[in-house]
C-alpha cells in the first residue's frame, strides 16, 4: 500500500540523537496487513540513514536498496528503497510508533546531522461487518424509535444519511425516527483515515416486527386465558357434580 500523509505540523522538540530537523514532522497512516513507505527526501543527503523507533536503532539503509538489520525482529519486515527510504511490509498495530531517520545532509555548503520524523499509525480496513446497528422501539402505535450505529476501532467517524430525508434527527451516532416510512432507507457510513464502509437499514421493518410480536403476545395471552377459563369451568362442574351427588345420597338416606 502506498503511504498516505494526513497532515504536517512543525516539530515541537528534537530527539536527543539528532541536532536538528531536516523537515517537518510527517504523519503517516497505513492499512493493517498492508505495506507502507517512510519516504526520504534524498536531496542533500549524504551516506547512510540510521533508523530508530522508540530509541531502538533497528536498521541502517543506504541508497541502492542496501540495508543492514540490527534487530532480528525486523528481518523480512523492513527493506530499503532505491533512495534509502524505508519500506515496512505487512504492518500490524504493534508497528505503530514514532520512527526517526538520522542522516547527514549538506545545506548551504555545510554538513549537519538532522532528523526526519514519522508518526506511523496503523488502522483496520473497515467493512460492513464492522458496523453494528441496534434498535430501540417505543411501545406506542406511532412506533417512535432510535437507531444507533457503532464501530469498534480508533479514529472512526460515523454519519447517517437518507436519500429521501435531508433533515435527519441525529444525536451523535443515533438517529431518532417517528412512524418511519416503509420505503425509506437509512445508511450509516463509518470512516477511518484509510477506509470507509456503509450499511443500510429500513427501520419500518422493526416497527412491523414489534407489532407482530405484540399481536403474537396477545394471542398467547388469550390462549392462556382460554385454558384457564376452561380449567376453572371443569373444576366448577366437578365441584358442582360432587355436591349434587352428595345431596342425592343424603336425601336417599333420609327417605330410607
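The values are calculated or read from the model by the stated rules, or taken from the named source; none is laboratory data. Just so you know, these numbers come straight off a predicted model, no measurement behind them. Don't worry about glycine lacking a Cβ; one is built from the backbone with ideal geometry, like all the others, and counts go over all protein chains shown.
Structure values in brief
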quantity: Selection from region 83-106 of residues that are more than 26 Å from the chain's Cα centre (by Cα) and either crowded, with 20+ Cβ neighbours inside 10 Å or at pLDDT below 90 (or both); calculated: 83, 84, 85, 86, 99, 100, 101, 102, 103, 104, 105, 106
quantity: Residue check, residue 119 touching a residue at least 60 places away in the same chain (Cβ under 8 Å) and surrounded by fewer than 18 Cβ atoms within 10 Å (Cβ to Cβ); calculated: yes
quantity: Among (1) in contact with a strand residue (DSSP E or B) (Cβ under 6 Å, 6 or more places away or on another chain); (2) closer than 30 Å to residue 41 by Cα; (3) surrounded by 13 or more Cβ atoms within 10 Å (Cβ to Cβ) - the single one residue 124 does not satisfy; calculated: (1)
quantity: All strands (runs of 3 or more DSSP E) inside region 48-147 with 2 or more residues being within 30 Å of residue 181 (Cα to Cα); calculated: 131-137
quantity: Among (1) outside any loop (DSSP other than H, G, I, E, B); (2) crowded, with 18+ Cβ neighbours inside 10 Å; (3) out of contact with any helix residue (DSSP H, G or I) (no Cβ under 9 Å at 6 or more places or on another chain), the one test that residue 30 misses; calculated: (3)
quantity: Region 57-67, residues that are surrounded by fewer than 17 Cβ atoms within 10 Å (Cβ to Cβ) and modelled with pLDDT of 95 or more; calculated: 57
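Residue by residue, here is whether (1) at pLDDT below 90; (2) in the same structural domain as residue 135 (by TED's automatic domain parsing); (3) assigned to a helix (DSSP H, G or I) holds:
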| residue | (1), (2), (3) |
| --- | --- |
| 154 | yes, yes, no |
| 165 | yes, yes, no |
| 168 | yes, yes, no |
| 176 | no, yes, no |
| 179 | yes, yes, no |
| 189 | no, yes, no |
| 199 | no, yes, no |
| 213 | yes, no, yes |
